[in-house]
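The values are calculated or read from the model by the stated rules, or taken from the named source; none is laboratory data. Quantities reported herein were computed from a predicted structural model and do not represent experimental measurements. So basically every Cβ, Gly included, is an ideal-geometry build from the backbone, and we count neighbours across all protein chains shown.
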């Protein structure tokens, strides 16, 4: 980091998450959930934030209240926050109450805030504030106290775009390594054949 960058960062406004975003807990009762509603559970958010196997539910399938979210929210897994289950949905629906829908305000970019919440230091802070030994959870009040540097929106967008690109490159690298391992295994079998028991 050069001197100019350090000076610029020192002038960024510091805010708490609760000042720049709203942790929304709009509840829908189990009997109010309609057929075809998109549902996200913690099992649908991978470590790192990718959404997988998201589907819809039928009326009466779920037996407890859920939270409502939109494509403008961040979905933050409050159970075992060290897993960093923090997603950016491109759709609306309902989610488990172990997921907190965070709605960024006008002064904070959703992508920038998501990356901030995924930072190892932020994840570590979240984990330090959990309660419950067997099923550690972060309460919304604790999450709202997180301090976040708030640069101008244009800078937030630029930072988020760079971090998105970095994440994409990492994902491609992991995919390439997986393919190399598979190729190595195939070559081994081709050359030596399958191992036979003595």
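General observations
Residues are listed down the side, and each one gets a yes or a no for (1) touching a residue at least 24 places away in the same chain (Cβ under 8 Å); (2) more than 15 Å from residue 102 (Cβ to Cβ):
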| position | (1), (2) |
| --- | --- |
| 114 | yes, no |
| 127 | yes, yes |
| 135 | yes, yes |
| 139 | yes, no |
| 145 | yes, no |
| 148 | yes, no |
| 154 | no, yes |
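The rows are residues; the columns are (1) farther than 22 Å from residue 125 by Cβ; (2) touching a strand residue (DSSP E or B) at 6+ places or on another chain (Cβ under 9 Å); (3) surrounded by 13 or more Cβ atoms within 10 Å (Cβ to Cβ); (4) at pLDDT 95 or above.
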| residue | (1), (2), (3), (4) |
| --- | --- |
| 3 | yes, no, no, no |
| 10 | no, no, no, no |
| 38 | yes, yes, yes, yes |
| 44 | yes, yes, yes, yes |
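- Residue within region 168-179 that is at pLDDT below 95 and touching a strand residue (DSSP E or B) at 6+ places or on another chain (Cβ under 9 Å) present: no
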